[in-house]
Amino acid sequence: MASFPRFLFRVKDKHIEEEAKQLVANLGFNDIEIRRDDTIKDAWLEDNKLLKTTYGLGDIREYLEALVSVK
């Protein structure tokens, strides 16, 4: 499997945390840290290598799917 940069996935609540874990598992990522943070609106994903931050589960899904399809 291809190597991906480390990500931090921050989520608002348990429901979004479960969605995030399912998304990560479905795409085959294993180096994503998922943390709950009730101070945010929905979710955000930080790519520590590219210093890119993507907001919202839909945006995050598109970003990760694009990353997987390139590799």
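Any read-out appearing in this document is the output of simple, stated calculations on the displayed coordinates, not a laboratory observation. In this text, all values refer to a predicted model and were calculated from it rather than measured experimentally. Here the Cβ is made from the backbone with ideal geometry for all residues, glycine too, and neighbour counts use every protein chain on show.
Which of rounded, prolate or oblate describes the stretch 7-70 when judged by the alpha-carbon gyration tensor and an a/c cut-off of 1.5?
Values: a/c = 1.70, a/b = 1.35, b/c = 1.26.
Prolate, since a/c reaches 1.5 and a/b exceeds b/c.
Once the piece of chain linking Asn26 and Leu8 is laid out straight, how much longer is it, given 0.36 nm per residue of separation minus the C-alpha distance between them? Don't skip to the answer; put the middle values down first.
Working: separation 18, 0.36 × 18 = 6.48 nm, distance 1.69 nm.
Result for the pair: 4.8 nm of gain on full extension.
Which order do the peptides 30-41, 58-69, 6-17 take when ranked by the mean count of other beta-carbon atoms within 10 Å per residue, highest first?
6-17, 58-69, 30-41
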With Cα atoms, 0 to 90° folded angle of helix 57-70 axis to the chain main axis: 10
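Can you give the extra length, in nm with one decimal, that the chain gains between Glu18 and Val68 once fully stretched, where that is 0.36 nm per residue apart less the Cα-Cα distance?
Details: separation 50, 0.36 × 50 = 18.00 nm, distance 2.05 nm.
Separation in residues times 0.36 nm, less the Cα-Cα distance, equals 15.9 nm.
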Degrees, to the nearest 10: 14-27 long Cα axis against longest axis of the chain: 10
